[in-house]
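Below is one structure, written out as structure tokens, with a few remarks after it.
The values are calculated or read from the model by the stated rules, or taken from the named source; none is laboratory data. Owing to the predicted nature of the structure, the values given are computational and were not obtained by experimental measurement. Cβ atoms come from the backbone with ideal geometry, glycine included; neighbour counts cover every protein chain shown.
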Amino acid sequence: MFSMYYAPDKPGYVELKAQVRQIFDQIKAGKFDAYTSIYTTDELDGEMNDEKREKMWQLITDFNVKMLPDDEAVIRLAGLYITEEAVPAAYTTDAAHIAITAFHGLDFIVSLNFEHIARPWTEERVRKVNIREGYKGIGIYRPVEVLDL
């Protein structure tokens, strides 16, 4: 989400960028509380363009995005998502994004990762694991779906 906020206006990005910016506007207006985690900030730190990296970090401050603390239970839950094939084994960070959301009892996660996170297959399998493990089911949404909430 942070990267798309500053994405170039190229075909395929314009609409997604507009949706992401609308979500941030709704966060600013108080419709949603926004959270992030070390899994996302580590990805931000991997941005090679210094200016873009700093701008993405500034979004966290500007929009009062709260940092979720990590926990060993998050790693365990992410591992279960991989074992249950909700997320492919090669994408442990994707599983961790979902797990930290569930661990902290949030209602949903918004993702632009349509291949491993924001897809019905993942949401269904995550829900099964979460319920079995004592967590609530969470929504896993694409940006456009959040705009409809």
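As a summary of the residue check, Y39 satisfies the conditions (1) in contact with a His (Cβ under 6 Å, 6 or more places away or on another chain); (2) loosely packed, with under 15 Cβ neighbours inside 10 Å; (3) not acidic (D, E) except for the one numbered (2). For D148, the conditions (1) within 22 Å of L16 (Cβ to Cβ); (2) of a type in the set (D, E, K, R); (3) touching a residue at least 40 places away in the same chain (Cβ under 8 Å) are fulfilled apart from (3). Residues of segment 66-91 that are closer than 16 Å to I117 by Cβ, small (G, A, S) and exposed (fewer than 15 other Cβ atoms within 10 Å of the Cβ): A89, A90.
Collect the residues in segment 103-125 that are touching a residue at least 24 places away in the same chain (Cβ under 8 Å), surrounded by 15 or more Cβ atoms within 10 Å (Cβ to Cβ) and under 14 Å from the mean Cα position of the chain (by Cα), keeping them in residue-number order. Once the filter is applied, which keeps residues that are touching a residue at least 24 places away in the same chain (Cβ under 8 Å), surrounded by 15 or more Cβ atoms within 10 Å (Cβ to Cβ) and under 14 Å from the mean Cα position of the chain (by Cα), segment 103-125 yields F103, H104, L106, F108, I109, V110, S111, L112, H116, I117, A118, T122. When residues in segment 1-45 are screened for being farther than 21 Å from L106 by Cα, small (G, A, S) and modelled with pLDDT of 95 or more, 1 of them pass. Among the candidates K10, K17, the residue that is among the basic types (K, R) and loosely packed, with under 11 Cβ neighbours inside 10 Å is uniquely K10.
Can you confirm whether I140 is in a helix (DSSP H, G or I) and within 29 Å of A18 (Cα to Cα)? Spelling it out, it is not the case that I140 is in a helix (DSSP H, G or I) and within 29 Å of A18 (Cα to Cα).
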